[in-house]
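One structure is given here, and the rest of the page talks about it.
Where a number appears in this text, it was derived from the coordinates with a stated rule and is not lab data. Quantities reported herein were computed from a predicted structural model and do not represent experimental measurements.
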Amino acid sequence: MTKSPLTLHLAAPRGFCAGVDRAIKIVEIAIEKWGAPVYVRHEIVHNKYVVDGLRAKGAVFVEELDECPPDRPVIFSAHGVPKSVPQAAEAREMVYVDATCPLVSKVHIEAARHSEAGLQMVMIGHEGHPETVGTMGQLPEGEVLLVETADDVAHLTPRDPDRLAFVTQTTLSVDDTADVVAALKARFPAIVGPHKEDICYATTNRQEAVKAMAPDCDAILVVGAPNSSNSKRLVEVGARAGCKYSQLVQRADDIDWRALDGIRSVGITAGASAPEILIDEVIGAFRDRYDVTVNKVVTAEENVEFKVPRVLRMPA
Ligand code: SF4
């Protein structure tokens, strides 16, 4: 049977970012250094394939610190943790390694600095996401006001409207966040914040690549996990940039082939926590069904790399 032709637009950059790469290395090196089991508080990055792979090597994933025995090392996930978590680990005299992405730590430092200067913090982020919980948890409970949308800004009741600063989650939609920042600045002209927002280079670059390819795509598939914030934002960016069918898939098995019936072009990208092997799997599934021509859509080159913490660079 002859296969129908299909142009596959492959976004670049896509997939792993420097923070995810570092967090995975931290778990692997910790297992080599201290032996299994090594405990990890929360999924080290939001991807089942990655988590299952590390579990097979000896990582044990838990949600809270008190699920870890005090005599085994524990690693905190790339999303960051409230200040109370390392404090509790120290109180229990546990060995811990913080895999918080340095770009998230930078936001933690910003929040603390503004608070020390006497400004009340507003965080733009998704309620309940571990990164939001971690960043808000850098300051005492109730000190940080959370907003998710521009509409939320109208309901804020700060202590002093002239003494405010804002930070953002690193994995938000660039365009939505610009709207929230504009609403904050309109209501609180004295609010202090980062030059643009705290959205990281990886989130920004992946969204730009999707915007560039979306007008040429009958469908966009984002390889990523349902709990991955930046992956979900890529799906939204694809839809908003004009692609009628923009979907998240964890693996090739999730592709709804019936929904793709009759398409001539598909764009593929991946969230920052999705490994390239899963993207290859999806491309392979298209090659099995179509006569595929690959078109790389390159909108940025990335060469960011983060070192693992010093404790893992020293001999055991
Ligand atoms: S998405 Fe951005 S902030 Fe999150 S781990 Fe990757 S580089 Fe760090």
Explain nothing, just compute: Karplus ³J(HN,Hα) = 6.51 cos²θ - 1.76 cosθ + 1.60, θ = phi - 60°, for every residue of the stretch 26-36 in order, whole Hz, x for Gly and Pro.
4, 5, 4, 5, 4, 5, 4, 6, 10, x, 8
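Quick check of the Kirkwood formula: for the stretch 165-316, what is the inverse mean of 1/r over all pairs of different Cα atoms, in Å?
The answer is 17.3 Å.
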Whole-angstrom gap from the stretch 262-276 to the stretch 45-79, using each part's C-alpha centre:
28
Give me the mean projected area, in nm² to one decimal, of the convex hull enclosing the Cα positions of the chain.
17.8
How long, wide and thick is the stretch 102-187, going by the Cα atoms along their three principal axes, in whole angstroms, largest first?
28, 27, 18
Over the stretch 1-151: Rg over Rh, Cα atoms, Kirkwood Rh:
1.08
Where does the Debye-calculated log10 I(q)/I(0) of the stretch 18-101 sit at q = 0.20, 0.25 Å⁻¹, using only Cα point scatterers of equal weight, no solvent?
-0.81, -1.29
